[in-house]
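Colleague: Can you read through this structure? Questions will come right after.
The values are calculated or read from the model by the stated rules, or taken from the named source; none is laboratory data. All figures in this text were calculated on a predicted structure; none of them were measured in a lab. We place every Cβ from the backbone using ideal geometry, glycine too, and count neighbours over all the protein chains shown. Calculation scope for accessible area: heavy atoms of the full protein, side chains included, ligands and nucleic acids excluded. Shrake-Rupley method; radii C 1.70, N 1.55, O 1.52, S 1.80 Å.
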Amino acid sequence: MKIGEFISSVNTTKETVRHYEDMNLLQPSWDQNRKVYTKKEIDDFQMIMDLKSMGFSLKDIQLMFNLKKAYGCGNEKLINDVMKQLNNHIDVLKKEEEEILQRRIKLEKEINLIDSYMSNK
């Protein structure tokens with residue numbers, strides 16, 4: 001399929017597709033002077049969206065795609081490296097979650113102080 005069909009099927013923009021191509025996240029084949037997008041590019045695009053929804057940066061996603069290209073899909077080294085990336089990301093999310101919790105507790109204390117002050121007036 002051509003780029004117009006591709007962007008419609010994955011609900012994105014031409015600029016996004018070009019950016020992902022520049023990062024080698026999407027690598028359509030060529031037919032004479034035109035890029036041809038297939039189910040592989042749709043699957044790769046969906047994987048990018050899934051990883052982004054989990055909070056991974058495009059740089060992290062690029063690293064995972066590069067590992068996949070270097071080792072081949074299903075390779076034990078690839079799986080171990082991806083698992084390491086996923087576990088590291090979980091650690092980062094847990095830290096962010098704790099920081100958010102602490103900020104929420106601080107805000108709730110401030111609100112309680114203000115409420116107490118206002119009710120004593």
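Colleague: Taking segment 23-37, which residues are open to solvent by 60 Å² or more (accessible area, probe 1.4 Å) and part of a loop (DSSP other than H, G, I, E, B)?
Modeller: Within segment 23-37, Asn24, Gln27, Gln32, Asn33 qualify.
Colleague: Pairs please, first residue from segment 2-22 and assigned to a helix (DSSP H, G or I) and open to solvent by 40 Å² or more (accessible area, probe 1.4 Å), second anywhere and at pLDDT below 95 and of a type in the set (Val, Ile, Thr), Cβ atoms under 7 Å, 6+ apart in sequence or on different chains.
Modeller: Qualifying pairs under 7 Å: Lys14/Ile3.
Colleague: For segment 112-121: of the residues being part of a helix (DSSP H, G or I) and of a type outside the set (D, E, K, R), which is least open to solvent (accessible area, probe 1.4 Å)? Steps first, answer last, please.
Modeller: From segment 112-121, those part of a helix (DSSP H, G or I) are 112-119; that's our starting set.
From what's left, of a type outside the set (D, E, K, R): 112-114, 116-119.
Details: Asn112: 98, Leu113: 110, Ile114: 97, Ser116: 55, Tyr117: 133, Met118: 111, Ser119: 88 Å².
So the residue we want is Ser116.
Colleague: Could you check segment 71-111 and list, in sequence order, the residues that are assigned to a helix (DSSP H, G or I) and open to solvent by less than 60 Å² (accessible area, probe 1.4 Å)? So that I can check it myself, show each step before the final result.
Modeller: Taking segment 71-111 and keeping what is assigned to a helix (DSSP H, G or I), we get 71, 76-111.
Result: Leu78, Asp81, Val82, Gln85, Leu86, His89, Ile105.
Colleague: So which pairs qualify, if the first residue must be in segment 72-92 and farther than 21 Å from Ser57 by Cα, the second must be in a helix (DSSP H, G or I) and among the hydrophobic types (A, V, I, L, M, F, W, C), the Cβ gap must be under 9 Å, and the two must be at least 6 apart or on different chains?
Modeller: Every condition considered, the pairs that remain are Gly72/Leu78; Asn75/Leu67; Lys77/Leu67; Lys77/Ala70.
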